[in-house]
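The values are calculated or read from the model by the stated rules, or taken from the named source; none is laboratory data. This structure is a prediction, so every number in the text was calculated from the model and none was measured. Don't worry about glycine lacking a Cβ; one is built from the backbone with ideal geometry, like all the others, and counts go over all protein chains shown. Only protein heavy atoms, including side chains, enter the accessible area calculation; ligands, DNA and RNA are left aside. Shrake-Rupley method; radii C 1.70, N 1.55, O 1.52, S 1.80 Å.
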Amino acid sequence: MSNLSDQKSSQKKHFWHKKPAKKELSVDDITIVDKDMLKRAVGAAALGNAMEWFDFGVYSYLAVTIGKVFFPGGSPAAQLLATFGAFAAAFLVRPLGGLVFGPLGDRIGRQKVLAMTMIMMSIGTFCIGLIPGYDSIGIYAPVLLLLARLLQGFSTGGEYGGAATFIAEYSTDERRGFMGSWLEFGTLGGYLLGAGLVTCLTAAMPEQALLDWGWRIPFFIAAPLGLFGLYIRLKLEETPAFQKHMEKQEQLEHSKPQLGLWAMLKKYRAQMLKCIGLVLLFNVSNYMLTSYMPSYLTGILGLSELSSLLLILVVMFVMMPLTLFWGHWNDRLGRRPVIWGGAVGLILLAIPCMMLIGTGNMLLVFLGLIILGALHTCFSGSMPATLPALFATDVRYSALAIGFNLSVSLFGGTTPLVTTWLVETTGNLLMPAYYLMGAGVIGVITVFTLRETARKPLRGSAPSVGSRAEAHRLVNKLRLRSQKAQAQASDVKK
């Protein structure tokens, strides 16, 4: 009898040993974000993204001119294909940039790596403006263009993942969606600046002058923009989440070794697949609208170059406040409903939109473009907060940089090239719609696998609030919730 009693006592002790009491959260455990530093962090990250998309806007709007300068021997369609081929080639090295800069960002810090990527992006863009045309140096001209694009692609491999991580780790849990949406606001602003500059040059300069030297001007502007962005980024402190992670590492007798590439991919396999699916949805719609449509309107539908450029510019301008609108509302409604709504919208409306665009009527073309742009803002307003939340602090930069750039390389950056080839091969002007619908289907499937992260701490991080008063309210709220759960458990036992 005594042995049986001892055994039960031992089991009881073992039971409680397996489920230790959870440490109650205190105010000191909560990250209190400095509002001024948050604004500077968001601005610096958005500026880098704007720099990247300034180049994309310039390159996309000058695609026809660049084709004539660097690939003069082919037909207009062949020149366009070659130009977009050089555009797509940069995306092939983006995963390599992610493999280099991502682990570096998890090891030495986000801020230092983002400064590096800013320098390299600026140099790559500036160098394009220096390259002589095909008439001057022959085959070396397109080769040098390709090398400059590869440098841009490599540096960009560490840019978006780092910028999204930087903003997400600086933001409060309640407003992470809205703060993240400023990253895409910067994207659209940079694209608008680049595209607007090309539009002004196209309107102000004779076609031959633009072909001879005018096209170089936007690429030269990259240098002062890059220096300004670098100055802003060097003034920033490291993110609170990364600082706490490094402090924990220092407190341990033996620091936790950083996961190797294959170990990380294996551990976060499900999250990586979700990241790739979301980025596919996000970037196919993005590059279809921003990189392919200007050339589609001019080269395929035969609209005047100036009219096409102005149409896209107006659409981009409308998309900027819509991105912030969805950034605000995905903090309220949740990330999943907003992304799901945009994906379903693509499936249902891609064909009607392309039919409207295909009429060639300026008003109907604008209507089709504005609907596609509005659907895209569901993604641009939500993804900067959704993607970093998939991964823990110690691998967030690495995993996001690799997953994001792998998906962009395979599906996003190749969208203009593949769509141009499909339209050219089949003669079917609805091919862009089918491509968008495919991305929408993948997006819907991916969203169903996500857990909601709105108004919740990042994986592996403490709650983050904007003031000490908010921290006290959160602690009291959690304490009351815990007491209520204990009371309910006690009632069940009775």
Members of segment 209-222 that are aliphatic (A, V, I, L, M), open to solvent by 30 Å² or more (accessible area, probe 1.4 Å) and farther than 13 Å from residue 58 by Cβ:
211
Within segment 223-258, work out how many residues are open to solvent by less than 100 Å² (accessible area, probe 1.4 Å), at pLDDT 75 or above and either over 23 Å from residue 388 (Cβ atoms) or assigned to a helix (DSSP H, G or I) (or both).
16
From the list 341, 299, which residue is open to solvent by 20 Å² or more (accessible area, probe 1.4 Å), at pLDDT 95 or above and within 23 Å of residue 430 (Cα to Cα)?
341
Among helices (runs of 4 or more DSSP H) lying entirely in segment 300-394, which contain 2 or more residues that are touching a Lys or Arg at 6+ places or on another chain (Cβ under 9 Å) and of a type in the set (D, E, K, R)?
305-333
Single unsatisfied condition, residue 120 versus (1) under 20 Å from residue 219 (Cα atoms); (2) in contact (Cβ under 8 Å) with a residue 60 or more places away in the chain; (3) out of contact with any Pro (no Cβ under 9 Å at 6 or more places or on another chain):
(2)
Selected residue [more than 28 Å from residue 291 (Cβ to Cβ), in contact with a Phe, Trp or Tyr (Cβ under 8 Å, 6 or more places away or on another chain) and not hydrophobic (A, V, I, L, M, F, W, C)] from 453, 393, 377, 419:
393
Test residue 440 against the criterion of being in contact with a strand residue (DSSP E or B) (Cβ under 9 Å, 6 or more places away or on another chain) and either surrounded by 11 or more Cβ atoms within 10 Å (Cβ to Cβ) or not polar (S, T, N, Q) (or both), and give yes or no.
no
Of the numbered conditions (1) at pLDDT below 95; (2) open to solvent by 40 Å² or more (accessible area, probe 1.4 Å), residue 357 satisfies every one except a single condition; which is it?
(2)
State which residue is nearest to the chain's Cα centre (by Cα) when the search covers only segment 122-136 and only residues that are assigned to a helix (DSSP H, G or I) and not small (Gly, Ala, Ser).
125
A careful count of residues in segment 259-280 that are part of a loop (DSSP other than H, G, I, E, B) and either at pLDDT 80 or above or touching a Leu at 6+ places or on another chain (Cβ under 8 Å) (or both) gives 1
Selection from segment 159-199 of residues that are of a type in the set (S, T, N, Q) and under 14 Å from the mean Cα position of the chain (by Cα):
165, 181, 187
What are the residue pairs meeting all of these: first residue in segment 262-278, first residue under 19 Å from residue 335 (Cβ atoms), second residue part of a helix (DSSP H, G or I) and of a type in the set (Phe, Trp, Tyr), Cβ atoms under 9 Å, and 6 or more apart or on different chains?
275/404; 276/404; 276/411; 278/379
Scanning segment 460-482 residue by residue, the ones that are open to solvent by 100 Å² or more (accessible area, probe 1.4 Å) and either at pLDDT 80 or above or over 38 Å from the mean Cα position of the chain (by Cα) (or both) total 4
In segment 89-121, what residues are among the small types (Gly, Ala, Ser), within 19 Å of residue 56 (Cα to Cα) and either open to solvent by 10 Å² or more (accessible area, probe 1.4 Å) or outside any helix (DSSP H, G or I) (or both)?
89
For segment 140-154, check the following and say yes or no: at least one residue is modelled with pLDDT of 85 or more, assigned to a loop (DSSP other than H, G, I, E, B), buried (at least 22 other Cβ atoms within 10 Å of the Cβ) and not charged (D, E, K, R).
no
Tell me, please, whether a residue that is touching an Asp or Glu at 6+ places or on another chain (Cβ under 9 Å), of a type in the set (Val, Ile, Thr) and open to solvent by less than 10 Å² (accessible area, probe 1.4 Å) can be found in segment 403-422.
no
Within segment 315-327, residues over 17 Å from the mean Cα position of the chain (by Cα) and either open to solvent by less than 60 Å² (accessible area, probe 1.4 Å) or more than 18 Å from residue 372 (Cα to Cα) (or both) come out as 315, 318
Which one is farthest from residue 364 (Cα to Cα) among residues in segment 304-314 that are open to solvent by less than 30 Å² (accessible area, probe 1.4 Å) and modelled with pLDDT of 80 or more?
313
Looking at segment 169-208, which of the residues that are assigned to a helix (DSSP H, G or I) and of a type in the set (S, T, N, Q) is surrounded by the most Cβ atoms within 10 Å (Cβ to Cβ)?
181
What is the number of the single condition among (1) farther than 26 Å from residue 233 by Cβ; (2) touching a residue at least 24 places away in the same chain (Cβ under 8 Å); (3) surrounded by fewer than 21 Cβ atoms within 10 Å (Cβ to Cβ) that residue 84 does not meet?
(3)
Can you list residue pairs whose Cβ atoms sit under 6 Å apart, with the first residue in segment 54-73 being closer than 20 Å to residue 183 by Cβ and the second being of a type in the set (D, E, K, R) and modelled with pLDDT of 85 or more? Count only pairs 6 or more apart in sequence or on different chains.
none
